[in-house]
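What follows is a set of notes on a single structure, which appears directly below.
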Amino acid sequence: MSSKEEVKILAIESSCDETAAAVVVNGREVRSNVISSQIALHTLYGGVVPEIASRKHIEKINQVITQALEDADTTLEEIDAIGVTYGPGLVGALLVGVAEAKAIAYAAKKPLVGVHHIEGHICANYIENKELEPPFLCLVASGGHTHLVKVADYGKYEIIGRTRDDAAGEAFDKVARAIGLGYPGGPKIEKKAKEGNDKAIVFPKAKVAENPYDFSFSGLKSAVLNYINGCKMKRQEINEADIAASFQKAVIDVLVEHAVHAAKEYRIDKFAIAGGVASNQTLREAMEKACKERGIQFYHPSPIFCTDNAAMIGSAAYYEYLQGRRDGWDLNAVPNLKLGER
């Protein structure tokens, strides 16, 4: 470990469609957090187009890093290490961040620390919850991932449940498209659901026999599509708000059930959520209520730290740095990187 009181990390995140850079001190203090989002661009296509995402990262990455250093009122000389997401994610997008981080680390003679994207999401909880320390359980729910993770210690993770098919955020996107709400699906379904009755339609909640903590959302997505097709065939009115509310309830019920079941079985009284879906207000309220009823401490990041950002990568990089992780110039993008893999 560095004997310095302050360890400053310059962090870079480019795993999907946000180009982001941040300066984070000691894993919990964010000096700057710059995000260049491509949502408006990808909305035209109804989802992220990898080729376009990669090109935009190349255009924006130097700007966001310069801005992050300026906002933090710091220079590269004062940075202790460079942290970067190297997986999982879109390979072309990841490569832009990894190449940039390697170039800066080489030129500035700074250590390079590769970070797992999901570890970053989990560490987002440390930023605003200064008192949060492992062990705790964390639900990571985003467009590409739905994981239930036991955080045994800093940098030590055990995945106890994962999705067998669609991620929760992916299901939101697909259902939003089906009912004509467009992209990105999560915020649009949440908004539409507020106008609907979440008990209007009973959609199925999948159970995975072999592992009670695994998730499956493809059956739910199919049930929604079948319901819509059924309405069209019978020439019945399609109530978008009721479909959105009932679908959202089916997803949230499963996420909450798995969470409280795991907390009880593992006897852990701290539970956190992370990832893009964690910014869903209805999910946060349902989790908070379920945790409160069972005496579990509930943690969640602000919405800005739920979506992809570099501050969370800076937090994760700090704890990896303390444990002695240093990557060489052979660090590469690993699109299907598993949590806990090196």
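The values are calculated or read from the model by the stated rules, or taken from the named source; none is laboratory data. What you see is a predicted model, and the numbers here were worked out from it, not measured in a lab. Heads up, the Cβs are rebuilt from the backbone with ideal geometry, glycines too, and the neighbour counts pull from every protein chain shown.
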Report summary line: Among residues of the stretch 305-320 being of a type outside the set (S, T, N, Q) and farther than 21 Å from THR146 by Cβ, the residue surrounded by the fewest Cβ atoms within 10 Å (Cβ to Cβ) is TYR319
Query - the stretch 139-158: number of residues that are crowded, with 18+ Cβ neighbours inside 10 Å and among the basic types (Lys, Arg) - result: 1
Query raised in the report: Across the stretch 159-181, what is the total count of residues that are surrounded by fewer than 24 Cβ atoms within 10 Å (Cβ to Cβ) and touching a Leu at 6+ places or on another chain (Cβ under 9 Å)?
Result: 7
Query raised in the report: Mind checking whether some residue in the stretch 309-327 is within 25 Å of LYS205 (Cα to Cα) and of a type in the set (Lys, Arg)?
Result: no
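Return the residues of the stretch 210-263 that are basic (Lys, Arg) and at pLDDT 95 or above; say none if nothing qualifies.
Hit for the stretch 210-263 is LYS249, nothing else.
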Query raised in the report: Pick from the stretch 317-342 the residues that are more than 10 Å from GLY114 (Cβ to Cβ) and part of a helix (DSSP H, G or I): which of them is farthest from the chain's Cα centre (by Cα)?
Result: LEU322
Query raised in the report: Among GLU119, GLU128, GLU190, which is under 14 Å from the mean Cα position of the chain (by Cα) and not β-branched (Val, Ile, Thr)?
Result: GLU119
Requested in this report: Please work out which residue is nearest to GLU131 (Cα to Cα), limiting yourself to the stretch 284-304 and to residues that are of a type in the set (A, V, I, L, M, F, W, C) and outside any loop (DSSP other than H, G, I, E, B).
Outcome: PHE298
Query raised in the report: For the stretch 1-111, which fully contained helices (runs of 4 or more DSSP H) count at least 3 residues that are among the hydrophobic types (A, V, I, L, M, F, W, C) and over 21 Å from MET312 (Cβ atoms)?
Result: 91-108
**Report entry** Verdict on LYS199 being more than 22 Å from ARG267 (Cα to Cα), at pLDDT 95 or above and within 24 Å of the chain's Cα centre (by Cα)
**Finding:** no
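If the requirement is being assigned to a helix (DSSP H, G or I), farther than 27 Å from ARG31 by Cα, in contact with a helix residue (DSSP H, G or I) (Cβ under 7 Å, 6 or more places away or on another chain) and touching a residue at least 60 places away in the same chain (Cβ under 8 Å), which of these qualifies: ALA259, ALA278?
That would be ALA259, the only listed residue that is assigned to a helix (DSSP H, G or I), farther than 27 Å from ARG31 by Cα, in contact with a helix residue (DSSP H, G or I) (Cβ under 7 Å, 6 or more places away or on another chain) and touching a residue at least 60 places away in the same chain (Cβ under 8 Å).
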Query raised in the report: Is at least one residue of the stretch 118-129 out of contact with any Ser or Thr (no Cβ under 8 Å at 6 or more places or on another chain), acidic (Asp, Glu) and surrounded by fewer than 24 Cβ atoms within 10 Å (Cβ to Cβ)?
Result: no
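For (1) surrounded by fewer than 17 Cβ atoms within 10 Å (Cβ to Cβ); (2) among the β-branched types (Val, Ile, Thr); (3) not assigned by TED's automatic domain parsing to the domain that holds PHE172, each residue gets a yes or a no:
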{"position": "ARG235", "(1), (2), (3)": "yes, no, no"}
{"position": "GLU240", "(1), (2), (3)": "no, no, no"}
{"position": "VAL254", "(1), (2), (3)": "no, yes, no"}
{"position": "HIS258", "(1), (2), (3)": "no, no, no"}
{"position": "ALA263", "(1), (2), (3)": "no, no, no"}
{"position": "LYS270", "(1), (2), (3)": "no, no, no"}
{"position": "LEU283", "(1), (2), (3)": "no, no, no"}
{"position": "ASP327", "(1), (2), (3)": "no, no, yes"}
Query raised in the report: Among the numbered criteria (1) closer than 18 Å to ASN26 by Cα; (2) buried (at least 24 other Cβ atoms within 10 Å of the Cβ), which single criterion is violated by LEU132?
Result: (2)
Query raised in the report: Any idea which residue in the stretch 207-233 is surrounded by the most Cβ atoms within 10 Å (Cβ to Cβ), counting only those that are over 19 Å from PHE172 (Cα atoms) and touching a residue at least 24 places away in the same chain (Cβ under 8 Å)?
Result: TYR213
